[in-house]
Amino acid sequence: MQSFTFYSPTEIVFGRGAQEQTAQKVKKYGGTRVFLLYGGGSVRKSGLLGEVEKTLADAGIEFRSLGGVQPNPRLAFAEEAAKEASRFGADFILGVGGGSVLDTAKAVAHGVANSDVPLWSFWTREAPLEKTLPVGAVLTISAAGSETSDSAVLTNEAAGQKRGLSTNLNRPRFAIMNPELTFTLPPYQIGCGIVDIMMHTLDRYFTPTRGNALTDEWAEALLRVVVENGTRALEDPHDYDAMSELMWCGSLSHNGLTGLGAKMDFAVHQLGHELSAKFDVAHGASLSTVWGDWAREVCGEHPERFTRYAKNVWGAASAEEGIEATVRYFRSIAMPTCFTELGIGVQTEETVADLARRCCWDDKRTIGSFKVLGREEIARIYTAANR
Ligand code: NZQ
Ligand code: ZN
């Protein structure tokens, strides 16, 4: 086995009615003045926001709520929210929503704790992040895994950049996970979530590292469970068992467990982030758009890994059949597998070249580790998906 460090400190409250414990957990982690963030209104409509606010009020916890976080959350919004949270004197940030809300909550926590540092400089690594405020999560969509992950992803609209920041300071103190809270999701968001959950494990499983038997088995099991329950969830979004399996997989897929001791790849995420930055498309959809063409580009590097994946996840006989089975599955859950299916149409050669230039940061970085990709390989993948 390879050596590793595993750190997943988030306390998880999972199951029906879990949100009733929100105030109790806020108190446990030292919150007395809570700045609550939510998105475009789904939690207001479902009644969850009122319920959470009531638990805080009943517990005598001061709070202020701010809605309006958009998918592909914006830096400018987080900066403003951090100022407001500072004025309020917040000592705890609570996100009620999905990855976009939770990542904004993390950013606001960093902003309040470091009000003298430009927020984006943590994302560009110009400033080291050394302190933050505690964050709690009430999760409403199984997808990004932000409720336990060490990551927060923001879009800097002015710069046209979408970037992630990974640090243990991004780990929420607690996550409230009630699968019933996901029953109101539209099918498209369920599909995006399924892809993202799969991708957090696929981007770890396709690694050049070998010798981690249990980690590999975990990854394959998680993928099989997501595939099966993803289909069931889309047939009936009120299927508690299916929605709960997806929710738990969402957290375990991105807390590090399915890639322990292995070099991560995450090229597909970088390819997808450029599409979201330029076209403001949903994260999960950006990933399924490029995965098939990424897989065909890198498969020859370690074909035995793709053959194993095909056999153990899809019961397929060859690497190629495993890739095809994956792409077919994405289509079966109405997720895009090329630019036109993503809804952005066929792009000009210049646009494709620009996407590749941005993705490799003007040749300042490569992406991936299963196969290391530079500008040329990145351009080849975008070109293949541009149909
Ligand atoms: O804004 P509201 O009205 O709440 O609607 C949201 C939004 O339109 C809706 N939604 C969420 N829960 C709902 C619901 N609608 C009805 N009922 C519910 N229960 O779904 C839409 C998408 O929400 P969003 O938070 O954007 O989804 P997701 O959780 O997929 O988050 C995506 C963001 O997370 C980032 C992505 O890049 C993207 O910006 N990621 C964050 C990661 C992390 N922090 O670890 C890792 C991921 O790889 C990812 O990059
Ligand atoms: Zn993701």
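Of the strands (runs of 3 or more DSSP E) lying entirely inside the range 126-202, those carrying at least 1 residues that are more than 12 Å from ligand 2 (Cβ to nearest atom) and either free of Cβ contacts under 8 Å to residues at least 40 places away in the same chain or within 18 Å of Gly230 (Cβ to Cβ) (or both) are 135-139, 161-166, 174-177. Scanning the range 232-247 for residues that are crowded, with 19+ Cβ neighbours inside 10 Å and not aliphatic (A, V, I, L, M) returns Ser244, Glu245.
Take the range 173-190 and flag every residue that is touching a Leu at 6+ places or on another chain (Cβ under 7 Å) and crowded, with 23+ Cβ neighbours inside 10 Å.
Quick first cut of the range 173-190, residues touching a Leu at 6+ places or on another chain (Cβ under 7 Å) only: 175-177, 181, 187, 190.
Selection gives Ala175, Ile176, Met177, Leu181, Ile190.
Scanning the range 355-374 for residues being out of contact with any Ser or Thr (no Cβ under 6 Å at 6 or more places or on another chain) and surrounded by fewer than 17 Cβ atoms within 10 Å (Cβ to Cβ) gives a total of 6. Look through the range 100-125, keep the residues that are β-branched (Val, Ile, Thr) and either part of a helix (DSSP H, G or I) or within 14 Å of ligand 1 (Cβ to nearest atom) (or both), and return whichever of them is farthest from the chain's Cα centre (by Cα). Ranking the candidates gives Val112 first. For the range 1-58, the set of residues classified as assigned to a helix (DSSP H, G or I), under 30 Å from Leu260 (Cβ atoms) and either of a type in the set (Phe, Trp, Tyr) or more than 16 Å from ligand 1 (Cβ to nearest atom) (or both) consists of Gln21, Lys25, Lys28, listed by residue number. The condition of being touching an Asp or Glu at 6+ places or on another chain (Cβ under 6 Å) and either surrounded by fewer than 23 Cβ atoms within 10 Å (Cβ to Cβ) or modelled with pLDDT of 95 or more (or both) holds for Ala143.
The values are calculated or read from the model by the stated rules, or taken from the named source; none is laboratory data. Since the model is a prediction, treat every value here as computed from it, not as a measurement. Methodologically, a virtual Cβ is constructed for each residue, glycine included, from the backbone with ideal geometry; neighbour enumeration extends over all protein chains shown.
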